[in-house]
1. Exposed loop sites here are GluC sites (Glu not before Pro) in DSSP loop states with at most 11 other C-beta atoms within 10 Å. What is the longest stretch of the chain lacking them?
2. Over the Cα atoms of the stretch 56-132, how large are the radius of gyration and the largest Cα-Cα distance (Dmax), in Å?
3. Hey, what's the stretch 21-221 come to in accessible area per residue, 1.4 Å probe, Å²?
4. Carbon and sulfur: what percent of the chain's accessible surface (1.4 Å probe)?
5. Helix-only estimate, please: 222 nm mean residue ellipticity of the chain, summing -39500 (n - 2.57) across DSSP H runs of length 4 or more and dividing by its residues, to the nearest 500.
6. In Å, what Kirkwood hydrodynamic radius results for the chain from the alpha-carbon pair distances?
7. Can you list the residues, at least 5 places off or on another chain, whose amide H is less than 5 Å from the amide H of Ile34, using H built in the peptide plane?
8. Could you grab the relative contact order for the stretch 21-221? Cα pairs under 8 Å, six or more apart, rounded to a whole percent.
Amino acid sequence: MSKGPSGFIDAGQCEQGLPWLWDEPPQAASSTLILAHGAGAPMDSPFMQTMAQGLAARGVRVVRFEFAYMAQRRVDGRKRPPNPQAQLLQQWREVYAQVRQRVAGPVAIGGKSMGGRMASLLADEFGASALVCLGYPFYAAGKPEKPRVAHLAELRTPTLIIQGERDALGNRETVAGYELSAAIELHWLQAADHDLKPLKASGFSHQQHLQTAVGAIAAYLGAG
């Protein structure tokens, strides 16, 4: 697998084994963040690229990987739904174990949407240094009456959730009614949606919000 800043993978590399990308800081890394993608976009989507490269520039080593269903899409080009949760969690375990063997120092985990939710189910099990979620899916689209937050009330891992105020999977008003662990810090982005994209009328740009997210994560992980 490719290793280094902004490395991309191709279908051939996916067939050889675990598809992942390493974004190394220009200086010694202060910490490592394993970052998983969301349900519908790969690990090298523009959103994931911006996060990984921005964090690496601030001293955080970022390791991205793809769940099996997304890696298979690179091979045959066919879209498919995510693997069952048990398989997603098992792959997270395998990735974490491999990264933990290769790096020293603090290792945080997290991800975009589904990737972050899967990480939240394992953070305490891993003893991760921190959990970072970007656009946490507090409930499935159109189903606010079925929140997926029970485990968040008991979470012990220091957690940063960066959420858009008008996220269709967890807006500010709805999330305010949840019982969340004291270990969780919520960082709200004004007028932003699930991809952290704000309304034009807000006066903010998508790039501004993404860079705000990068800065918040870097600070949370103790980087520059």
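The values are calculated or read from the model by the stated rules, or taken from the named source; none is laboratory data. Remember, predicted model here, so these are calculated numbers, not experimental data. All Cβ positions, even for glycine, are placed from backbone atoms using ideal geometry, and neighbour counts span all protein chains on display. The area values use the complete protein model at the heavy-atom level, side chains included, leaving out ligands, DNA and RNA. Shrake-Rupley method; radii C 1.70, N 1.55, O 1.52, S 1.80 Å.
1. Details: sites that count: Glu145, Glu154, Glu179.
In the chain, the maximal stretch lacking such sites is 1-144.
2. When restricted to the Cα atoms of the stretch 56-132, Rg and Dmax are 13.2, 38 Å.
3. Details: 8410 Å² over 201 residues.
Accessible surface, normalised per residue, equals 42 Å².
4. Numbers: 4980 of 9670 Å².
Carbon and sulfur together cover 51 percent of it.
5. It lands at -9500 deg cm²/dmol.
6. Numbers: mean 1/r = 0.0572 Å⁻¹.
After inverting the mean inverse Cα-Cα distance, the result is 17.5 Å.
7. Amide H to amide H, under 5 Å and 5 or more residues apart or across chains, Ile34 pairs with Val63, Ala108, Ile109, Gly110.
8. Values: 381 pairs, mean separation 35.9, N = 201.
Relative contact order here is 18 percent.
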